[in-house]
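Participant: Mind looking over this structure? Questions follow.
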Amino acid sequence: MALSKKSNNVRLPPEVNRILYIKNLPYRITAEEMYDIFGKYGAIRQIRVGTTAETKGTAYVVYEDIFDAKNACDHLSGFNVCNRYLVVLYYQPNKQFKKTDVEKKRDELNEVKQKYGLNTPDHSK
């Protein structure tokens, strides 16, 4: 990687960050194969491949440098791996889990209230 691409006056879109969220991966892909694919774009700090039923086919790739992450996202989105086209997104925690968290937490709270016979008013409405 050439150092000249990194300039102090480059403005990146606000969603760009060092963490990529990858979807539509082959279920049997290994971390080593992920390093082979994503490592071509720069130094990687960490790769987390989904292992549970809900997370299979997904992974997180954390780059050391934001420009390397942007380059990987630009080049690998739509990349074909074992007849599957990768979906490469920037990790956005506020959007990622917002939809399910509120309802899930409310349901869990109601279950606990029922289990222990608590009749406190629900202030979340």
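Participant: Limited to segment 48-70, what total is found for residues that are under 19 Å from Val16 (Cα atoms), more than 13 Å from the chain's Cα centre (by Cα) and of a type in the set (A, V, I, L, M)?
Facilitator: 1
Participant: I'd like the residue in segment 35-67 that is of a type outside the set (A, V, I, L, M, F, W, C) and part of a helix (DSSP H, G or I) and, out of all such residues, is surrounded by the fewest Cβ atoms within 10 Å (Cβ to Cβ).
Facilitator: In this case the residue turns out to be Asp36.
We did not get these values from a lab; they are worked out from the coordinates using the rules stated. Here the structure is a predicted model, which means the values were calculated and not measured. Neighbour counts are summed over all protein chains in view; Cβ atoms, including those assigned to glycine, are modelled from backbone coordinates with ideal geometry.
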